[in-house]
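Data block below; observations after.
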Amino acid sequence: MKIGIQTWGSVGDILPFLALAEGLQAAGHQVTVAYIAIDGSKFKAVNNRDKNFTDRKLQARIEQLEANIARYLEELDRADRQPELVPEARVSHLKEKIASIKKQIEGFNEINKQLQQTPDKQISLTDPDARSMATSGRGTGMVGYNVQTAVDTRNHLIVSHEVTNVGHDRTQLASMAAQAQNAIGKQDLTVVADRGYFSGAEILACEKLGVTPLVPKPLTSGNRAQGLFDKTDFIYLAQSDEYQCPAGQRAIRRFTTIEHGLRWHKYWSSACPACPIKAQCTTGTNRRIARWEHEDVLERMQRRFNAWPNPARLRRQTVEHPFGTLKAWMGATHFLTKSLPRVSTEMSLHVLAYNLKRIMRILGTHRLIAAMRA
């Protein structure tokens, strides 16, 4: 089992999972990886929130400073009208504060010029690659990185990982699945992830890789929230390419459109206006149903998900614990380096330490050393 140290700016794990697997097998431990849990977690960067700017945040700061200037100017006007009520020292202090605030606004205007040139309209002054990201708590957030991991459900080793500065997980599933395949040297994997990874394009890409995805569908039906029938109440009839509605009528395909780069078919029934249960279905003239051209991929996954005993529990008990352990080791500041390449290397060192300690727990120190020497 050979350990190679990664150089600054390079990509990939320091200790390949195959080397770990060889070490475990050499020590007589069974390694059979078929299920992988994927998740992402936000890690703080060396960049204070006050040193990170978005359009909204920058405008709010400028408006706040302008309001302060207006308040100070009112006080100076009052000093002109009633000089006996405002000491001269206070007047001098107010003028200094106004000059200081105007200088701050000039600085923010310069930052705004740089901000408009960035692709994502966001800028961080301390670590240029760090990004403002929402966290699970309402109204909270941090400036940092989104670390993706793929963890095997048998040994709880981190198979692969990647540091990104994208604040969501929707575009990460296929990439992490492919990295897990390469790390393990096995194509037919089952990957489990939470609903933050649900994306038709990503799930389709997984199937093309030979990976079986298990991702719950987000519960975001506006119709269901209004007490109306949602899409799950309509039965798709593949043979005739129609939908059967709750009233027993057929909704036929009317036209095809492209939305956000995806091809969608639109269906509705001519019987909608006279339907006796129309009030439970739609407030429009016809109830329209949209079907993605690869919707069968999502339907197959949903059937697998429904047949699985408890995929959500498997994911939680596999992938969330390593994140908690790593953050406990790293402390409140998390990353100590700056820029994506260096942060990636720092994370790789933490993953190396985690995996080695995990193998020590599985094998014991003496068996691990013997396996490394072999």
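Summary table below
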item: Per-residue Cβ neighbour rank within 10 angstrom, fewest leading, Phe53, Phe323; result: Phe323, Phe53
item: Added length on full extension, which subtracts the Cα-Cα distance from 0.36 nm per residue, Ile369 to Arg313; result: 16.8 nm
item: Stokes-Einstein diffusion coefficient of the range 97-136, Kirkwood radius over Cα pairs, 37 °C, 0.692 mPa s, in µm²/s; result: 278
item: Proximal charge balance of Ser132 [Cβ under 9 Å; K/R count +1, D/E count -1]; result: +3
item: Model label zone, Lys121; criterion: amide N under 18 Å from point 7 Å along Cα-to-beta-carbon; scope the range 58-76; result: 58-63
item: Mean separation of Cα contacts under 8 Å (6+ apart) over length of the range 222-293, as relative contact order %; result: 26
item: Gain in span if fully extended, Tyr72 to Phe108, counting 0.36 nm per residue against the direct Cα distance; result: 11.0 nm
item: Relative contact order of the chain, defined on C-alpha pairs under 8 angstrom at six or more residues apart (%); result: 24
item: Projected area, mean over directions - the range 281-329, Cα convex hull, nm²; result: 6.8
item: Span from the the range 176-249 Cα centroid across to the the range 60-131 one, whole angstrom; result: 50
item: Max mean-square fluctuation residue, GNM over the chain, Cα-Cα springs under 10 Å, options Thr164, Thr256, Thr190; result: Thr256
item: Projected-area average for the range 78-213 over all orientations - Cα convex hull basis, square nanometres; result: 14.0
item: Check: the chain dipole with +1 on Lys, Arg Cβ and -1 on Asp, Glu Cβ, in debye; result: 780
item: As computed over the range 244-374, the Cα convex hull volume per residue (Å³); result: 262
item: GNM flexibility winner over the chain from Ala130, Ala247, Ala178 (Cα, springs under 10 Å); result: Ala247
item: Rough spin-label spacing in nm, given labels placed 7 Å along Cα→Cβ, for Lys57 and Ala271; result: 5.5
item: Local electrostatic count, Lys57, Cβ distance below 14 Å [Lys/Arg +1, Asp/Glu -1]; result: +2
item: Most mobile of His93, His156, His294 in a GNM of the chain (Cα contacts under 10 Å); result: His93
item: Rg in Å to one decimal, and Dmax rounded to a whole Å, for the range 51-124 via C-alpha atoms; result: 16.1, 54
item: Calculated SAXS-style log₁₀ I(q)/I(0) at q = 0.11, 0.16, 0.18 Å⁻¹ - the range 222-293, Debye, Cα scatterers; result: -0.26, -0.55, -0.69
item: Which label in [x] 1.83; [y] 1.10; [z] 1.35 gives the computed Cα Rg over 2.2 N^0.38 Å; result: [z]
item: Gly141 long-range amide H proximity, modeled H, under 5 Å; result: Thr135
item: Net charge over other residues, Cβ less than 12 angstrom from the Cβ of Gly324 (K, R count +1; D, E count -1); result: 0
item: Estimated inter-spin distance, Asp188 and Thr285, nm [label 7 Å along Cα→Cβ]; result: 5.2
item: Ser339 versus Ile101: modelled label distance in nm, points set 7 Å from Cα along the beta carbon direction; result: 3.9
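Read-outs: derived from the displayed coordinates by stated rules, not from any lab. Please read all numbers here as calculations on a predicted model, not as lab measurements. With ideal geometry, Cβ positions are generated from the backbone for all residues, glycine too; neighbour counts draw on all protein chains shown.
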